[in-house]
Every structure is written in structure tokens, then in C-alpha cells.
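Asker: Here it is, the structure, as C-alpha cells.
The values are calculated or read from the model by the stated rules, or taken from the named source; none is laboratory data. The structure displayed is predicted, hence computed values, not measured ones. As a convention, Cβ positions derive from the backbone with ideal geometry for all residues, glycine included, and neighbour counts pool all protein chains shown. Accessible surface is based on the protein model in full, side chains and every heavy atom, while ligands, DNA and RNA are left aside. Shrake-Rupley method; radii C 1.70, N 1.55, O 1.52, S 1.80 Å.
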Amino acid sequence: PTQPYGFISQNDVISVFARRGAGKTTFVKSLVHLIRTSPEDTFKNLREELHCVDVFEPNQMMNKENLLIRFLAQINEIFQKEEKEKCCQKDNTDNYVRLNNARRKLYEALPVIDGVGRGNLFPDWDDNAYIADRYMNLASNVKELEKRFHHYIYTGLNIIGKKAILFVLDDSDVNIEKSFEILEIIRLFFTSPQIIVVLTGDASLYSMIVRRSYWKYFDGDFLKKECDLLNPVFFHYIKEI
């Protein structure tokens, strides 16, 4: 089935910004626990419509791990668990055929992202292979990845009887090497109206991480002016560029 709202690309991010030790982790873990278990009507209603993924802490993962694949694995685990529980019900056969088709189409598009499949988007491209169907299809997958991701989320949530999925990304600013990647994944791929993200961290550090990722594209004079505006606490990051 196609999404009843059509294709809408938007980011639903709830930011929980505070200094270290202010209780952000306790807050978000308590929130997830309440949504999952509280008998209060407010949380019961949320529980009926929202699936909460376990709180994710990027500082506990390996630097070489692809974060988008990690998130997809979590989503797939949710849907597969429901598949196993209902696989014997004949009435659900069509639903799971649609889910498998949506999953397959999503996986076909994944090689266009960094760290998946062969290193070059169009390997062995030459005059003889210029119009080869496989590369034309791969090129179209670049454009289709976001739409296929939306369709996969919609199909899976429809089967498990939920309207949205909640990701809590706790202290994503701690792992400097992964922080910008996380922000880019949210910007580029977590764009379905059925994905809600709670992002915790320090707003100043996030700002520094974004600057650090873009500074390499500017010359020395510009960087010097930028440095004069920054808090001295962050100067040691500049040396890494």
C-alpha cells in the first residue's frame, strides 16, 4: 500500500539540550519506560500508537560501524519479531508479502550509501558499460532510497498496528567521529512523518561539531575570523583539521 498522506519529507526531532550531568539520560530512559509500562491513560494512549526503540547511545559503538545500517537493523528486528508471532495466521499472508517486497526494494537501494557494497558508486564504468541496465538502475536508486525507506516504515508499522516509531539518541555529541554522521542521517533519511527522534546532548558542542565538519572547506583567513568568535574551550578541536 502507498502512504495515505503521500510522500512527505520532514524531520520530527525533539531536542533535549543541557550540560553534562543535568539528567538528560535519566529523563529519556524514564520517558521510554513510562510509555512502555505506565498504566496512566496518557502513556497508555501513546503505547497504543507509538513503538519505542531502546535508547541508543552512539558513544558505545565502533567508529567503523555504519550507523544507518545499525538503525535499519533495529527497525528490521522490530518488524521481524512481529512476523514470527503472526506468521501462522493466514489472514496476514498478504501483509508480510508486502513487507518483504518493501524490505527488498529498500535493500536494493542501500549500496548507494557510503560503507555499503563496493566502494565506488559506479565501478568499472566505461564506454561499453555506459548504458548498462544495472548502472541505470543503481543511479535511479539514489533518488529512490528516501522514498523506499518511507514505504518500508509505513508497511511495517501498518502490520504491527502502530502509527509511528520513536528513536531516542542519547548523548550523540559525545562520539565526535560519529556525531556529524548522526545529524546527517537524521537530515537525509529520518524524514518520514512516522519517525520521531529525541536527540540529547549539549547544543554548544553540536554547534562545534557542525563547524568542525565544514571548516575544512574554507581558507585560513576565514577560519581565523571564526576562531576569534569561539569559546577558548573548543580551540583544541581546531588543531585536528
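Asker: Estimate the FRET efficiency between residue 100 and residue 164 by the formula 1/(1 + (r/R0)^6), using the beta-carbon distance for r and 22 Å for R0, to the nearest 0.05. Mind dumping the intermediate values first?
Answerer: Working: r = 22 Å, r/R0 = 1.00.
Rounded to the nearest 0.05, the efficiency is 0.50.
Asker: From the square roots a ≥ b ≥ c of the eigenvalues of the alpha-carbon gyration tensor of the range 186-230, which class results: rounded (a/c under 1.5), prolate (a/b over b/c), or oblate?
Answerer: Details: a/c = 5.32, a/b = 2.19, b/c = 2.43.
Taking the square roots of the gyration eigenvalues as a ≥ b ≥ c, the range 186-230 is oblate.
Asker: If you plug each phi of the range 154-161 into the Karplus form 6.51 cos²θ - 1.76 cosθ + 1.60 with θ = phi - 60°, what whole-Hz ³J(HN,Hα) values come out, in order, with x for Gly and Pro?
Answerer: Once θ is set to phi - 60°, the couplings for the range 154-161 become 4, 5, x, 5, 4, 6, 8, x Hz.
Asker: Continuing with the same structure: With every protein chain in place, what's the accessible area of residue 177 (1.4 Å probe, Å², nearest 10)?
Answerer: Approximately 120 Å² for this residue.
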